[in-house]
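Engineer: The structure's right below; bear with me while I get my questions together.
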Amino acid sequence: MRRKLAAILLVTLAFLVAALWGIDLRVAAEALSQTRWPVALGGISLYFVLHLLRSARLWLLLGGVDGRGRRLRLVRLFSISAVGFLAINVIPLRLGEAVRPWLLHDREGVP
């Protein structure tokens, strides 16, 4: 488990370095200092609520049960939905659309 966590942290660090490569951190800090935080937090909160509503919609579409007849938890659907939307935004040509159904099948047994 520790090796897996170390590998995850290493990959995360590598992606963070790649994302920040070539960015002037002073300019970024200046931009952050000018951020209107109530507006930003309102937008983030709205995004979270909308994502929660998408997960609830998925729960309703699945009838609230997994492929084994057990009750689906909204928290599990929220994480599956979040990973699915991340894949849609990261993988080109919307090929990430296949990630959410695959995760539902793999993790929850949904046919």
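Engineer: If you put +1 on each Lys and Arg Cβ and -1 on each Asp and Glu Cβ, how big is the dipole of the chain around its Cα centre, in Debye rounded to 20?
Structural biologist: Numbers: 15 positive and 6 negative charges, 104 e Å.
Rounded to the nearest 20 debye, it is 500 debye.
Engineer: At a Förster radius of 35 Å, what calculated FRET efficiency corresponds to the Cβ-Cβ distance of Leu95 and Arg36, to the nearest 0.05?
Structural biologist: The value I calculate is 0.45.
Engineer: May I pose another question? Among Ala31, Ala18, Ala56, which one moves the most in a GNM of the chain with springs linking Cα atoms closer than 10 Å?
Structural biologist: Among Ala31, Ala18, Ala56, the largest GNM mean-square fluctuation belongs to Ala18.
Engineer: Rounded, prolate or oblate: which fits the range 49-111 when a ≥ b ≥ c are the square roots of the eigenvalues of the alpha-carbon gyration tensor, with rounded for a/c under 1.5 and prolate only if a/b beats b/c?
Structural biologist: On the way: a/c = 2.50, a/b = 1.46, b/c = 1.72.
Oblate, because a/c is 1.5 or more while a/b does not exceed b/c.
Engineer: Trypsin sites (Lys or Arg not before Pro) within the range 27-90: which are DSSP loop residues with at most 13 other Cβ atoms inside 10 Å?
Structural biologist: The qualifying sites are Arg36, Arg68, Arg70, Arg73.
Engineer: Assuming R0 = 35 Å, what is the FRET efficiency of Arg76 and Ala14, from their Cβ-Cβ distance, to the nearest 0.05?
Structural biologist: E between Arg76 and Ala14, to the nearest 0.05, is 0.80.
Engineer: Can you pull the percent of Cα pairs in the chain with separation above 25 Å? Don't skip to the answer; put the middle values down first.
Structural biologist: Details: 2775 of 6105 pairs.
Taking all Cα-Cα pairs of the chain, the fraction more than 25 Å apart is 45 percent.
Here, each number is a calculation from the coordinates, and none is a lab measurement. The structure presented is a predicted model; accordingly, all values stated were derived computationally and were not measured. Every residue, glycine as well, gets a Cβ built from its backbone with ideal geometry; the counts of neighbours run over all protein chains shown.
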